Amino acid sequence: MARPILWIVVPCYNEEQVLPLTAPMFLQKVQELTDGGKISKNSRILFVNDGSADKTWSIIRELAEKDEHYIGICQSRNRGHQNAVLAGLMEAKDRCDITISIDCDGQDDINAMDRMVDEYLDGAEIVYGVRAKRDTDSFFKRFTAETFYKLMKTLGADVVFNHADYRLISAKVLQHLADFEEVNIFLRGMVPLVGFKSTTVSYDRAERLAGKSHYPLRKMLALAFNGITSLSVKPITLITAIGAGFSFIGLILMIWAVVKAILGQTVAGWASTVCIVCLLGGIQLISMGILGQYIGKTYLETKHRPRYIISARTWEAETRHYLED
Ligand code: UDP
Ligand code: MG
């Protein structure tokens with residue numbers, strides 16, 4: 001019986017502490033799934049080294065030498081989590097039937113992969129891993145994440161609630177994802193846009209096994225903002241609506257002031273004028289900033305720069321052409 005070939009895509013950035021702990025777990029899972037007759041024995045674990053500054057790449061190379069299930073690619077520099085996952089998925093798309101992307105820190109429950117593969121065998125082309133419990137995340141992280149999903153939805157970006165980048169995608173869907181050529185990648189928003197039959201599988205999120213998170217508040221905010229502006233232009237509609245609202249209020253105030261002036265009375269209050277000027281100045285600058293973000297993004301998109309550059313693969317020999325002397 002033909003069984004699907006699975007490639008597990010694992011982005012790694014400065015993960016020398018955690019990789020030796022989680023790599024055997026991934027291998028064990030692949031073996032379990034193979035023994036259970038669910039996936040082909042030609043399945044692989046693809047590590048994507050995202051330009052790490054530590055020993056991550058040499059650990060990946062050692063793993064690849066030890067067991068043929070481990071393979072790796074190396075990005076020429078650090079490009080961020082989203083680009084690393086995309087690089088892995090694009091590398092996998094013509095060589096397997098299904099991919100599962102997962103972080104390498106052990107936070108995403110590997111055991112959910114069984115149910116993901118089951119869902120695929122039942123006909124789903126995309127299976128989103130959804131975090132059921134997040135008690136291991138701090139209150140602050142949970143609060144900011146919740147606000148982020150709500151804001152995204154309100155602003156027209158359709159993302160699966162509590163889903164990060166732990167998901168199964170079939171090679172069929174990946175062929176179409178490859179046609180999405182944007183340089184600013186936000187996979188959580190892009191994958192649902194491809195369509196096809198999808199479902200969710202819930203799992204509990206655990207603590208990082210070692211090392212520390214690469215997503216401090218600043219990066220999380222940037223990811224949220226990038227997500228919203230990548231998927232929706234609603235913020236522009238919103239500023240137009242705010243502008244219209246303030247124009248209306250302004251008109252009423254103007255009529256009131258003119259009528260008072262005609263009646264020979266002056267409208268009192270230096271404070272009110274200053275407040276209004278400051279408020280409107282602020283709103284105008286924010287609006288310009290939002291517009292500027294879209295213009296900046298358009299500018300960057302028009303350059304069509306590569307989204308990732310792969311400098312090495314564990315299954316290819318390093319080539320250097322020296323002249324004989
Ligand atoms: N990661 C990456 N490139 C980066 C930052 C992170 O490939 O520039 C990887 C990292 O090695 C991990 C995953 O992305 O496998 C998620 O990162 P992290 O665990 O730091 O984020 P958190 O789970 O705290 O949101
Ligand atoms: Mg993590």
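So for segment 146-274, what percent of the C-alpha to C-alpha distances run longer than 19 Å?
67 percent
Sequence-distant or interchain residues sharing an amide H contact under 5 Å with TYR70, placed H: which?
Correct list: ILE45.
Rank-order 78-87, 19-28, 286-295 by packing density, defined as the average count of other C-beta atoms within 10 Å over each peptide's residues, highest first.
Taking the mean over residues of other Cβ atoms within 10 Å, the ranking is 78-87, 19-28, 286-295.
Which percent of Cα pairs goes in each bin when the distances of segment 88-131 are cut into 5 angstrom slices starting at zero?
5, 19, 28, 25, 19, 4
Extension gain GLN284-MET25, at 0.36 nm per residue separation less the Cα-Cα distance, in nm?
88.0 nm
Pull up the DSSP beta bridges for segment 121-226 and report the antiparallel fraction as a percent, rounded to 5.
Of those bridges, close to 40 percent are antiparallel.
May I have the pair-distance distribution P(r) for the chain, computed from all Cα-Cα distances with 10 Å bins from 0 and rounded to whole percent?
Values per bin, smallest distances first: 5, 22, 29, 20, 10, 7, 5, 3, 1, 0.
Please work out how much length the chain gains when fully extended from ASN42 to ALA244, using 0.36 nm per residue of separation minus the C-alpha to C-alpha distance, in nm with one decimal.
66.7 nm
Step through the table entries LYS41/LYS197; LYS93/LYS197; LYS197/LYS297; LYS38/LYS197, compare each Cα-Cα distance with 24 Å, and write down the pairs that go over it.
Correct reply: LYS41/LYS197; LYS197/LYS297.
Take the alpha carbon gyration tensor of segment 239-308, find the square roots of its eigenvalues, order them as a ≥ b ≥ c, and report rounded if a/c is under 1.5; if not, report prolate when a/b exceeds b/c, else oblate.
prolate
How tilted is helix 139-154 with respect to the longest principal axis of the chain? Cα atoms for both, answer in degrees (0 to 90, nearest 10).
The angle comes out at about 70 degrees.
Restricting to the chain, compute how many DSSP beta bridges are antiparallel as a %, nearest 5.
35 percent
At what distance in angstrom do the alpha carbon centres of segment 33-91 and segment 128-195 lie from each other?
When both Cα centres are located, 21 Å separates them.
Compute the whole-percent fraction of alpha carbon pairs in segment 41-98 spaced more than 15 Å apart.
Looking at segment 41-98, the distances longer than 15 Å represent 49 percent of pairs.
Write down, largest first, the equivalent ellipsoid semi-axes of segment 1-155 in whole Å, where each equals the square root of 5 times an eigenvalue of the alpha-carbon gyration tensor.
Semi-axes, largest first: 25, 22, 15 Å.
Roughly what percent of Cα-Cα pairs across segment 185-246 reach past 15 Å?
I get 71 percent for the Cα pairs in segment 185-246 exceeding 15 Å.
Which whole-Hz ³J(HN,Hα) couplings does segment 78-93 yield from phi under the Karplus relation 6.51 cos²θ - 1.76 cosθ + 1.60, θ = phi - 60°, glycine and proline marked x?
Result, rounded to whole Hz: 6, 10, x, 3, 4, 5, 5, 4, 4, 4, x, 5, 5, 5, 7, 4.
No lab work stands behind these numbers, since they all come straight from the coordinates. Keep in mind that what you see is a predicted model, and the values were worked out from it rather than measured. For neighbour counting, all protein chains shown are included, and Cβ atoms are generated from backbone atoms with ideal geometry for every residue, glycine included.
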